[in-house]
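For reference, the structure discussed in these notes is given below.
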Amino acid sequence: MTKKRLTILGSTGSIGTSTLDIVRQFPHHFDVCALSCHSQVQQLAEQIREFHPKIVCIGTQEHADWLKKQFTANDLTIVCGDEGLIQLAAETKVDLVVAGIVGSAGLCSTYAAIERGYDVALANKESMVLSGELMIAKAQETGSTIFPVDSEHNAIFQSLVGHQHSDIEKIILTASGGPFRDTPLANFSEITLQDALNHPNWEMGNKITIDSATMMNKGLEIIEARWLFDIPVSQIDVVVHRESIVHSLVEYTDGSFIAQLGLPDMRIPIAFCLAYPDRLPLQNEKMKMTELGKLHFEPVDWKKFPCLQLAISAANLGGAAPAVLNGANEAVVAAYLEERIHFLEIAGILEKVLDQLCRFQETGKNNIPFLHHIETIDDALKADHWGRSAAHSLIN
Ligand code: MG
């Protein structure tokens, strides 16, 4: 393959470091042009020494000044803050932007890259959840290809290659079911934060691990899939698959199911996005079919995981609802991680926020445009913020 130039947004996070792991394995295939991180300044400095980017961005001016003292050669540009991040995403000429920032903080930089027509390896879920319609429309306009990094969406992307969209019967997202898939509902009142943080299959950040325990993660993935694959929510199913080996499937109208399988290792979907249409001979542990034994597929227990239904409701409401739900969920999960609320309160608070949104829309009073239609990234961020504030009021 020809050498690809990369921008990595969120380079010190889990997606960023996994991406750099792959680059380290295949130095002749990739050229790291730009790196950004929020606050891990020491780690960013190490990455600069190893990968020699042309430009880096960090959250604060203070950290940028510290970096400038460490790297005095003038072949490195150091920028900071939200504006610096957008400058880095839009102005660094690359072949692929890895959008690995977690949360709504990743929206503007992802959009900036799409606006410039760069291909994007999208790990930032919020880009699709908050503003999927806008991002996809912009990508179609500029010719940017969005490669999903999330294991489920990456599996669907792989299962769609070579097939026609009109032949899709259903998209089936697999869910590990999180740490509480076998916990009876009656015991949910005893769940502790440590239990929730103990995911059986994947090593992930705290926020996504909690989302996995509530299955909100799968709900947000339904919204993501809806936009990424231009498919109505009614054609997206979720099935619990405890082994996390089948990463998702596409059912076609003729009864064929095409799936992507592999060990739960994020480097596999990341490598796919980095090398597409080629494949990289990754030096990772390989799946041994005969050692897998049985694979299980079970229906979702909707009573245990009300967050999943809330996400579907938000997707069906459309407009600002997914963004509002996302903002509210971030606030609620943060409160949960601080042990200010119990696990069982998470869904209740989110339901109240969505109810508030519906009442606002029905009464039409305090006519707030962004609660009705999302027309810009700023609208999406405002709706997310509204959801966050509404949840904060309920938590306090
Ligand atoms: Mg996932």
**Prompt:** Any idea which of VAL94, VAL56 is more than 18 Å from ILE146 (Cα to Cα) and not hydroxyl-bearing (Ser, Thr, Tyr)?
**Reply:** VAL56
**Request:** Out of VAL98, VAL102, VAL120, VAL161, report the one residue that is in the same structural domain as GLU251 (by TED's automatic domain parsing) and out of contact with any Pro (no Cβ under 7 Å at 6 or more places or on another chain).
**Result:** VAL161
**Request:** Would you be able to say whether some residue in segment 39-57 is aromatic (Phe, Trp, Tyr) and surrounded by 17 or more Cβ atoms within 10 Å (Cβ to Cβ)?
**Result:** yes
**Message:** Let me spell it out: the conditions are (1) without any contact (Cβ under 8 Å) to a residue 40 or more places away in the chain; (2) within 25 Å of GLU345 (Cα to Cα); (3) more than 13 Å from the ligand (Cβ to nearest atom); (4) in contact with a Phe, Trp or Tyr (Cβ under 8 Å, 6 or more places away or on another chain), and PHE188 meets all of them except one. Which number is the exception?
**Reply:** (1)
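Return the total of residues in segment 94-136 being farther than 20 Å from GLY59 by Cα, of a type outside the set (Phe, Trp, Tyr) and at pLDDT 95 or above.
Of the residues in that region, 20 qualify.
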**Request:** Filter segment 103-124 for residues that are within 15 Å of ILE15 (Cα to Cα) and buried (at least 20 other Cβ atoms within 10 Å of the Cβ) and give the result.
**Result:** GLY106, THR110, VAL120, ALA121, LEU122, ALA123, ASN124
**Asked** Does ALA314 qualify as being closer than 30 Å to ALA347 by Cβ and part of a helix (DSSP H, G or I)?
**Response** yes
**Request:** Take the residues in segment 197-226 that are under 17 Å from ARG242 (Cβ atoms) and among the small types (Gly, Ala, Ser), then tell me which one is modelled with the highest pLDDT.
**Result:** ALA213
**Message:** Condition first: surrounded by fewer than 19 Cβ atoms within 10 Å (Cβ to Cβ), hydroxyl-bearing (Ser, Thr, Tyr) and touching a residue at least 40 places away in the same chain (Cβ under 8 Å). Can you find one or more residues in segment 11-23 that meet it?
**Reply:** yes
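Filter segment 258-267 for residues that are out of contact with any Phe, Trp or Tyr (no Cβ under 6 Å at 6 or more places or on another chain) and touching a residue at least 24 places away in the same chain (Cβ under 8 Å); which is nearest to VAL23 (Cα to Cα)? Break it down into steps so the answer makes sense when it comes.
Applying the first criterion (out of contact with any Phe, Trp or Tyr (no Cβ under 6 Å at 6 or more places or on another chain)) to segment 258-267 yields 258-263, 265-267.
Filter again for touching a residue at least 24 places away in the same chain (Cβ under 8 Å), leaving 258-263, 266-267.
Values: ILE258: 29, ALA259: 27, GLN260: 23, LEU261: 23, GLY262: 21, LEU263: 20, MET266: 14, ARG267: 11 Å.
Among residues in segment 258-267 that are out of contact with any Phe, Trp or Tyr (no Cβ under 6 Å at 6 or more places or on another chain) and touching a residue at least 24 places away in the same chain (Cβ under 8 Å), the one nearest to VAL23 (Cα to Cα) is ARG267.
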**Message:** Please go through (1) surrounded by 24 or more Cβ atoms within 10 Å (Cβ to Cβ); (2) over 23 Å from ASP379 (Cβ atoms) for SER127 and return the number of the only condition it doesn't satisfy.
**Reply:** (2)
**Prompt:** Of the residues that make up segment 28-39, is at least one modelled with pLDDT of 95 or more and assigned to a helix (DSSP H, G or I)?
**Reply:** no
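Within segment 1-22, restricting attention to residues that are of a type in the set (Val, Ile, Thr) and out of contact with any helix residue (DSSP H, G or I) (no Cβ under 8 Å at 6 or more places or on another chain), which residue is nearest to THR77 (Cα to Cα)?
The first filter runs over segment 1-22 and keeps only residues of a type in the set (Val, Ile, Thr), leaving 2, 7-8, 12, 15, 17, 19, 22.
When the remaining residues are screened for being out of contact with any helix residue (DSSP H, G or I) (no Cβ under 8 Å at 6 or more places or on another chain), the result is 2, 17.
On the way: THR2: 26, THR17: 21 Å.
Ranking the qualifying residues of segment 1-22, first place goes to THR17.
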**Candidates GLN25, GLN40, GLN47 - the one that is more than 19 Å from the chain's Cα centre (by Cα) and within 21 Å of LYS207 (Cβ to Cβ)** = GLN40
**Qualifying residues in segment 212-243 (those that are among the polar types (S, T, N, Q) and crowded, with 21+ Cβ neighbours inside 10 Å) - the one nearest to GLN164 (Cα to Cα)** = ASN217
**Request:** With respect to THR209, determine if the residue is in contact with a His (Cβ under 7 Å, 6 or more places away or on another chain) and either within 11 Å of PRO179 (Cα to Cα) or acidic (Asp, Glu) (or both).
**Result:** yes
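Return yes or no: is LEU85 of a type in the set (A, V, I, L, M, F, W, C), in a helix (DSSP H, G or I) and either over 26 Å from ASN217 (Cα atoms) or over 16 Å from the mean Cα position of the chain (by Cα) (or both)? Talk me through it step by step, then tell me what you get.
Details: of a type in the set (A, V, I, L, M, F, W, C): yes; in a helix (DSSP H, G or I): yes; either over 26 Å from ASN217 (Cα atoms) or over 16 Å from the mean Cα position of the chain (by Cα) (or both): yes.
Yes.
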**Residue in segment 146-161 that is within 16 Å of the ligand (Cβ to nearest atom), among the charged types (D, E, K, R), at pLDDT 95 or above and assigned to a helix (DSSP H, G or I) present** = yes
**Prompt:** Among ALA271, ALA321, ALA259, ALA314, which is the only one that is closer than 28 Å to ASP31 by Cβ and small (Gly, Ala, Ser)?
**Reply:** ALA271
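When only residues in segment 162-202 that are assigned to a helix (DSSP H, G or I) and charged (D, E, K, R) count, which is surrounded by the fewest Cβ atoms within 10 Å (Cβ to Cβ)? Full working, then the answer.
First, the residues of segment 162-202 that are assigned to a helix (DSSP H, G or I): 165-167, 185-190, 193-196.
In the following step, the residues that additionally are charged (D, E, K, R) were identified as 167, 190, 195.
Numbers: ASP167: 13, GLU190: 10, ASP195: 13.
Here the residue is GLU190.
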**Item:** Conditions (1) in contact (Cβ under 8 Å) with a residue 60 or more places away in the chain; (2) among the basic types (Lys, Arg); (3) surrounded by fewer than 18 Cβ atoms within 10 Å (Cβ to Cβ); (4) outside any loop (DSSP other than H, G, I, E, B); number of the one not met by LYS352
**Value:** (1)
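State yes or no: is SER127 within 16 Å of the ligand (Cβ to nearest atom), closer than 22 Å to GLU330 by Cβ and under 14 Å from the mean Cα position of the chain (by Cα)? Give the steps one after another, and end with the answer.
Numbers: within 16 Å of the ligand (Cβ to nearest atom): yes; closer than 22 Å to GLU330 by Cβ: yes; under 14 Å from the mean Cα position of the chain (by Cα): yes.
Yes, satisfied.
The values are calculated or read from the model by the stated rules, or taken from the named source; none is laboratory data. Since we're looking at a predicted model, the values are computed, not measured. Every residue, glycine as well, gets a Cβ built from its backbone with ideal geometry; the counts of neighbours run over all protein chains shown.
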